[in-house]
Amino acid sequence: MANEGTPGSDPEHPLPEAADLGKERAAIAKMVLAELPERDRTALIRFYVHGHDSREICRDLGLTEDQFHAIKARVKRRFTELRKQGLGQK
């Protein structure tokens, strides 16, 4: 393998910067999820964490596909906004 022995090339032992980035993203994700109404939070957790199909989620939660996509877009914007502000850091 070309990356063998390259620092950070082993997923089991990422570079410290990558670990910090993962922690930052997780902290921001928790903040964003905490801001959401229960229905939106449930929809996103089912989609991103549990891998449920968006049509199934929409049917179960009484959402249209457009509403579901709007929720995802709004959360992505908020995530990016917080990340730019550095709010996921210690």
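For (1) modelled with pLDDT under 95; (2) over 23 Å from K23 (Cα atoms); (3) part of a loop (DSSP other than H, G, I, E, B), each residue gets a yes or a no:
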residue	(1), (2), (3)
F47	no, no, no
G51	no, no, yes
R55	no, yes, no
C58	no, yes, no
D66	no, yes, no
H69	no, yes, no
A73	no, no, no
F79	yes, no, no
L87	yes, no, yes
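Among residues of the stretch 63-84 that are without any contact (Cβ under 8 Å) to a residue 60 or more places away in the chain and surrounded by fewer than 11 Cβ atoms within 10 Å (Cβ to Cβ), those with a beta-carbon under 7 Å from a residue that is in a helix (DSSP H, G or I) and of a type outside the set (D, E) at least six positions away or on a different chain give the pairs T64/C58.
The values are calculated or read from the model by the stated rules, or taken from the named source; none is laboratory data. The model shown is predicted, which means the values in this text are computed figures rather than measured ones. Virtual Cβ from ideal backbone geometry, glycine too; neighbours counted across all protein chains shown.
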